[in-house]
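The values are calculated or read from the model by the stated rules, or taken from the named source; none is laboratory data. Keep in mind it's a predicted model, so treat the numbers as computed, not measured. Cβ sites come from the backbone with ideal geometry, for glycine too, and all protein chains shown count toward neighbours. Areas reflect the complete protein model, heavy atoms only, side chains present, ligands, DNA and RNA absent. Shrake-Rupley method; radii C 1.70, N 1.55, O 1.52, S 1.80 Å.
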Amino acid sequence: MTAANRRKVLDMLAEGKISADEADLLLDALGRQPSARTDIGYMVDHGVSVITDAVGRLSVDIEDAMGGSNAEFESSKFTVHGEPRIEVNNFSGRVAIKGGSPEGEVRVDTELPNPDRVHYSARQDGDTIRVEARPAGRRSLFGWLPFNRGAHITICLPSRSDLEVNNSN
């Protein structure tokens with residue numbers, strides 16, 4: 001863990017942005033083998049819920065320990081001409097929504113920790129954008145092990161948008 005990352009967590013705690021328990025989880029996650037995926041600056045700069053992301057990163061570390069990650073990343077930018085409607089259906093993953101996208105633009109960034117276990121699509125029909133992740137094939141033993149996760153989806157959209165999100169697990 002870098003001193004800068006530790007300072008950022010402590011500053012967030014002092015400012016009341018996170019609780020002591022959340023700070024403890026973040027410091028623990030950052031204390032593991034350093035990587036871009038556990039950098040607090042990345043988490044904060046990308047508007048992802050800090051505690052959800054920290055817990056997710058711990059799961060990624062578990063996956064890596066169980067034989068490495070074959071994660072894939074997809075990024076899509078859609079142009080819309082009116083108020084966009086975004087429909088998201090996801091399972092066993094995270095969905096983060098960020099505002100501040102320029103009017104007429106929707107961006108969808110997705111991490112697929114195990115792409116062979118997920119059918120993923122992001123497509124546009126007029127001003128409607130549909131993002132879907134669903135299980136592919138058999139699920140893992142007990143259905144909850146870390147390598148059974150779906151997609152981690154981050155959507156950046158304009159302030160005036162219609163949004164419907166369904167996320168299981």
Q) Where does each of THR154, THR2 land when they are ordered by accessible area, with a 1.4 Å probe and the largest first? A) THR2, THR154
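First select every other residue whose beta carbon is under 12 angstrom from the beta carbon of ASN89; then total the charges, Lys and Arg +1, Asp and Glu -1. Intermediate values should be presented prior to the final figure.
Values: positive: ARG130, ARG134; negative: GLU87, GLU132, GLU164.
So the surrounding residues net to -1.
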Q: Starting from the amide H of LEU163, placed 1.01 Å from N in the peptide plane, find each other amide H under 5 Å away whose residue is 5 or more places distant or on another chain.
A: ILE86
